[in-house]
Amino acid sequence: MANQLCIVLDFGGQYNQLIARRVRECGVYCEIKNYKTPIEEIKALSPAGIIFTGGPNSVYDESSPHIYKEIFDLGIPILGICYGCQLMAYTLGGTVESCEKSEYGKIEITSSSNSLLFSDIPEKSIVWMSHTDFVSQLPEGFNVTARSADCPCAAFECPDKKLYAVQFHPEVTHSEFGKQILHNFVYKVCGFTGDWKMDDFIENTVTDLRRQIGDKKVILGLSGGVDSSVAAGLLSRAVGKQLTCVFVDQGLMRKDEGDFVEETFTKLFDMNFIRVNCKEKFLSALKGVTDPEQKRKIIGTEFYSVFWDKIREQGTDGFFAQGTIYPDRIESGKGNEAGKGSTAVIKTHHNMVEMPADIQFAGTIEPLKDLFKDEVRAVGEKLGIPHDLVWRQPFPGPGLGVRILGEITEEKIKVLQEADAVFRDEIRKSGIEDQLKQFFAVLPDVRTVGVMGDHRTYDHLIAIRAITTDDFMTADWARIPYDVLARVSNRLTNEVEHVNRVVYDITSKPPGTVEWE
Ligand code: XMP
């Protein structure tokens, strides 16, 4: 059964995915569509509510995104946010002007409890503002429902037409009652029933997968990352042994990680699990190579050569499955759905890779294609996938290959795996793991002089990296307490052979990247 649908119409703002995620957190299924989506398509989707996002433009700018007036006559409730709010006013005959004083940051508003949008919200509350234009005159039939010191129309509405608008951003956590405002919109204004639940998603998806797959086979490339693991869990529940997972272990994973993935999927799930161990092949292809881009390229090429060969060996008379998730398909800002209809393109970490022409499956299956990452994790937990896999931090496709600078050798992999394991263990024990988005050890291929007992040493330097970030586009180095750093340093130099010095990377992104190569 299809869920009731809320549409987020994307005008290019930076928080657009966040709006959709917040709506889903309210138990309402939500999709992001390009603002250019034709009205016929919108009508055919019969959404029970529409949200206009923010955007970086000014409505008076001819090149900025506009909307056809007819959308306001569909009888579908609409909430305009920031640029979306100005666009609603402008399109319906109101006036938008530049602010004398732009509002940016946390601002106090006074709202009217008579508005459905502001029900159960105190008269005065803090919201997140970010605008240089404002609505100076409302369209006919609208009335103001909130104001701030510098913004006379911080929110306005025409309840008869079910049109609502807020100048601020309810989707960001800095807006104290933002979640309640979105909740009020979807439940009190639109009348959603709240039928988006992860238990139902699993049940419905399993039923759909069984119907789609029938008695055919399915092959999934399992990387040990969150998405492919959860896709494997779902497919296993749906078709058991009809599923074959191919796990290519290039020997560049973290310590014991390959064994952990194998154990999880062979012991806890019903499927055929194929592990291809090809460390030697990778090491010989990487011998003598020091250039970071060339290393990445070789690792990628070798990976696919092994993977496609295994696929050919297994046969392609069934389906090909992959762990594509919703954000992989959204081309942010433009609202287009990248990859739509392009079943021959497969998702690999950051990249899309084309399937060789000789490999042709009956079809592609992407059971997570409509889910956000936090929803994928919720599904993973419900399927019984171990915590460490469900909450696994991002790990680059080329694995430790981008964390060993210079030539990659077996000896260096071993040093880095041991060092990384010690660092992770210490972070876990210190109770700060949840505050870090990613943390790992790097082997910069630098040797320094040290002293151990009475002996001079000349051994490896280990760099440790720990970051906090919202989206990995920018990141800050984590302020790990000194005593934790001290324990890490102590353990690394004592427990890991060939390590005699430790440094902490205090570079933010930009100018640095998260990875060193
Ligand atoms: P950078 O180094 O670009 O990293 O600041 C941002 C995030 O992306 C991860 N990363 C990768 N992930 N394949 C991946 O799947 C890759 O080739 C790759 N390179 C970087 C990185 O770990 C961080 O989370």
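Residues that are assigned to a strand (DSSP E or B) and under 25 Å from the mean Cα position of the chain (by Cα) within the stretch 292-333 comprise 320, 321, 330, 331, listed in sequence order.
Output the qualifying pairs, or none if there are none: Cβ atoms under 7 angstrom, residues six or more apart or on different chains, first residue in the stretch 224-237 and on the phi > 0 side of the Ramachandran plot, second residue in a helix (DSSP H, G or I). Taking only residues 6 or more apart or on different chains, the pairs are 224/257; 224/261. If the condition is being farther than 16 Å from residue 322 by Cβ and within 16 Å of the ligand (Cβ to nearest atom), then the stretch 378-397 contributes 389, 391, 392, 393, 394, 395, 396. Taking the stretch 238-289 as the range and being in a loop (DSSP other than H, G, I, E, B) and closer than 30 Å to residue 206 by Cα as the test, the residues that pass are 268, 269, 270, 271. Of all residues in the stretch 439-479, those satisfying the criterion of being in contact with a Lys or Arg (Cβ under 8 Å, 6 or more places away or on another chain) and of a type in the set (S, T, N, Q) are 448, 468, 469, 474.
In the set (1) touching a residue at least 24 places away in the same chain (Cβ under 8 Å); (2) open to solvent by 40 Å² or more (accessible area, probe 1.4 Å); (3) of a type in the set (Lys, Arg), the condition left unmet by residue 267 is number (1).
Looking only at residues in the stretch 108-154 that are farther than 20 Å from residue 183 by Cα, open to solvent by 60 Å² or more (accessible area, probe 1.4 Å) and assigned to a loop (DSSP other than H, G, I, E, B), the one that is modelled with the highest pLDDT is 140. The set of residues in the stretch 412-440 being open to solvent by 50 Å² or more (accessible area, probe 1.4 Å), within 16 Å of the ligand (Cβ to nearest atom) and in a loop (DSSP other than H, G, I, E, B) consists of 437 alone. Between 506, 462, 480, 467, the distinction of being more than 16 Å from the ligand (Cβ to nearest atom) and more than 17 Å from residue 418 (Cβ to Cβ) belongs to 480 only.
The values are calculated or read from the model by the stated rules, or taken from the named source; none is laboratory data. Because the structure is a prediction, the values reported are computed rather than measured. Every residue, glycine among them, receives a Cβ derived from its backbone with ideal geometry; neighbour counts consider all protein chains shown. Protein only, heavy atoms only, side chains kept; ligands, DNA and RNA dropped before computing areas. Shrake-Rupley method; radii C 1.70, N 1.55, O 1.52, S 1.80 Å.
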